[in-house]
Every structure is written in C-alpha cells, then in structure tokens.
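Here the structure is laid out as structure tokens; the discussion comes afterwards.
Read-outs: derived from the displayed coordinates by stated rules, not from any lab. What you see is a predicted model; the values in this text were computed from it and never measured. All Cβ positions, even for glycine, are placed from backbone atoms using ideal geometry, and neighbour counts span all protein chains on display.
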Amino acid sequence: MPRGAAPGAGDERQGASPYALAAPSILEAPAAWRAIDFISDLHLSELMPATFAAFAAHLERTDADAVFVLGDLFELWVGDDARHEPFARRCVQVLAQASARCHLAIMGGNRDFLMGQALLAESGACALVDPTLLVAFGQRVLLTHGDAMCIADHAYQAFRRQVREPAWLRGFLSRPLGERLALAREIRKASDTRRQFDGEGSADVDAATAMALMREAGATTLVHGHTHRPGSETWSGGFVRHVLTDWDLDAGKRAEVLRFTAAGLRRIAPAAAPAD
Ligand code: MN
C-alpha cells in the first residue's frame with residue numbers, strides 16, 4: 001500500500017463530499033486466466049489455528065490462476081516490522097509459497113491497512129488498491145474492502161480518516177514495535193472487537209454511494225467484504241453486489257471463496273487439505 005498519501009488525497013472530488021472515494025484503479029486480467037478466487041476477512045491470528053490451517057490449505061491447493069484478498073487478511077497489522085514475529089512469519093511463508101504458483105493480490109482492510117511494501121515483497125504479493133475495477137473474462141467487477149462505503153457510521157468514518165492521516169501514521173509507526181504489538185493484544189482482548197471495528201451488527205455499505213462508483217467505473221457488479229454478512233443481492237438499476245464471508249473455523253464454522261470465471265461468480269468451499 002502506498003505510504004505517505006491518504007486515499008483520495010489530491011483527488012479534487014474530495015471537496016464534493018467527505019465520503020467521496022478515489023477513482024478505482026483498473027486491473028486487466030491476463031487473457032490466459034481461467035479462474036480468480038476472492039476471499040476477505042480471514043482475520044488471521046495465532047488465536048485461530050483452524051482458520052489459519054484452512055487458509056494455508058486453500059492457498060496451497062486452489063487451482064485458480066489468481067487469489068485476490070479484499071482486506072482484513074490479518075486480525076491486526078501494526079506495521080511491516082511485525083512481519084518477523086513468529087505467527088506473521090508463518091503467514092508470510094504461506095503467502096510466498098502461494099505467490100510462487102499463482103498471482104496473489106492483497107488489499108488492505110480496516111484492520112490491516114498498515115500492510116506495506118516490505119510485507120508484500122516478502123510474500124511475493126501485489127498490492128490491490130481499494131477500490132479496483134477488475135476487467136476479466138469480458139466482465140467488469142468493482143472490488144473494495146467495503147468499510148469506506150459504510151458511511152452511516154459517522155464515528156467510524158471519522159476514525160478511518162484520522163488513522164489514514166500521514167502524520168498519524170508516522171506517529172504510530174514511530175512507536176516501538178513491542179508497544180504496538182501490546183496495543184494490538186489489548187484491542188484483541190476487548191470482547192466486542194469485531195463489532196467495534198467491523199461492520200458486523202452496524203452500518204452496511206451505502207447502496208447509493210456504491211452504485212455511484214459502479215456507474216463511474218462502468219461496472220454493474222460489486223464484490224466486497226468487511227460487513228461479515230455474506231450474501232448476494234440485486235439493487236435497482238440492475239446492480240448486483242456480492243458480500244464475501246469472514247473466515248472463522250475456530251469459534252464458528254464458516255469459510256468460503258467467491259470464484260470468478262467466464263461463467264460468472266459462484267461461492268465454493270475452500271480447497272481442503274487431505275484428511276489424514
Ligand atoms: Mn473489515
């Protein structure tokens with residue numbers, strides 16, 4: 001993720017609305033690709049070993065040409081200097097092995113927007129800008145994490161703008177790693193973290209905001225995560241949005257991949273590790 005510039009900085013449309021989003025980056029899939037996997041909200045942490053195992057198995061076994069992670073791969077990412085921590089190293093190893101056999105693209109979410117070039121380089125992954133217009137199989141799909149479009153949650157949007165200010169980022173990242181990791185543990189201990197930081201039980205993506213961006217991008221399909229409310233629905237005007245599921249195979253029992261092929265989008269189970 002680029003550092004030093006808040007998303008939308010330099011975009012004069014910011015003046016029009018405090019919630020105006022940056023114009024989508026455009027990504028054209030190579031003609032040889034046959035399948036792209038979308039996943040998000042894995043919230044990887046050492047406290048969720050079954051979820052990590054399912055994620056590792058999918059990345060090792062998927063037959064897709066590309067895996068796109070639409071944010072919140074990590075429960076919390078406090079800066080790329082944390083990539084040498086034991087659990088983070090295991091994650092990087094899984095990502096690096098996957099990126100050696102397929103295209104791996106990672107978007108920052110509200111919990112891991114501090115992922116940077118060092119982590120991506122070691123993982124062999126490409127940065128996926130939020131939002132991105134993906135052109136593949138003759139179709140145009142708008143990809144976003146989703147939190148920027150949950151505009152009814154004013155407190156969250158204010159927080160979001162604050163933590164993306166270059167000065168705030170510099171200040172946070174200049175704190176010792178141990179201090180940032182301790183803060184992450186504190187946040188995780190709070191029982192309602194998911195409720196507090198994600199859309200779960202609170203605001204949804206604002207349909208008008210999303211449709212305006214889709215219209216601008218010439219896309220009628222939106223794929224996002226963040227809200228942990230998986231499902232697909234058709235909006236007025238023929239717009240369709242697909243919400244990815246979060247992954248939880250420890251406390252809960254759900255994990256799913258949205259697979260994109262020439263035939264469209266369908267939900268599939270993650271590729272499983274062989275039973276032993
Ligand atoms: Mn999120």
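So what are the ³J(HN,Hα) numbers for region 241-257, from phi and the Karplus equation (6.51, -1.76, 1.60; θ = phi - 60°), rounded to whole Hz, Gly and Pro as x?
Once θ is set to phi - 60°, the couplings for region 241-257 become 10, 10, 9, 6, 7, 6, 10, 8, 10, 9, 7, x, 9, 9, 6, 7, 10 Hz.
Once Lys and Arg get +1 and Asp and Glu get -1 on their Cβ, which of Ala136, Trp235, Leu21 lies farthest toward the positive end of the dipole of the chain?
After comparing all options, I get Ala136.
Once you have a ≥ b ≥ c as the square roots of the Cα gyration tensor eigenvalues for region 17-107, tell me rounded if a/c is under 1.5, and otherwise prolate or oblate according to whether a/b is larger than b/c.
oblate
May I ask you to derive the relative contact order of the chain, considering only C-alpha pairs under 8 Å and at least 6 residues apart, and to give it as an integer percent?
24
What's the long-distance tail for region 25-261, i.e. % of Cα pairs beyond 24 Å?
The answer is 43 percent, as a whole percent.
What translational diffusion coefficient, to the nearest whole µm²/s, does region 99-142 have by Stokes-Einstein, given a Kirkwood radius computed over alpha-carbon pairs, a temperature of 10 °C and 1.306 mPa s viscosity?
Roughly 136 µm²/s, to the nearest whole number.
Go through Gln162, Gly109, Val67 and say which Cα lies farthest out towards the positive end of the charge dipole of the chain; charges sit on Cβ, +1 for Lys and Arg, -1 for Asp and Glu.
Positive-most Cα among the choices belongs to Val67.
Using unit Cβ charges (K, R positive; D, E negative) and no other charged atoms, how large, in debye to the nearest 20, is the dipole of the chain about its Cα centre?
100
Neighbouring Cβ atoms within 10 Å as the yardstick, rank Ile151, Ile26 fewest first.
If I rank by nearby Cβ atoms, fewest first, I get Ile26, Ile151.
Show me 91-102, 62-73 ranked by packing, highest mean number of other Cβ atoms within 10 Å first.
62-73, 91-102
To the nearest 20 debye, what is the magnitude of the charge dipole of region 205-276 about its Cα centre, counting +1 on the Cβ of each Lys and Arg and -1 on the Cβ of each Asp and Glu?
Here region 205-276 has a charge dipole of around 240 debye.
Kindly write out, for region 149-154 in residue order, the coupling ³J(HN,Hα) from the Karplus curve 6.51 cos²θ - 1.76 cosθ + 1.60 (θ = phi - 60°), rounded to whole Hz, with x marking Gly and Pro.
After applying 6.51 cos²θ - 1.76 cosθ + 1.60, I find 9, 8, 6, 6, 8, 5 Hz.
Once amide H atoms are built 1.01 Å from N in the peptide plane, which residues 5 or more positions from Ile151, or in another chain, come under 5 Å H to H?
Placed amide hydrogens put Asp206 under 5 Å from Ile151.
Using amide H atoms built in the peptide plane, which far-off residues or other-chain residues are under 5 Å from Ala273 H to H?
Amide H to amide H, under 5 Å and 5 or more residues apart or across chains, Ala273 pairs with nothing.
Could you sort the peptides 52-60, 138-146, 175-183, 77-85 by per-residue average Cβ neighbour count (10 Å cutoff), highest mean leading?
138-146, 52-60, 77-85, 175-183
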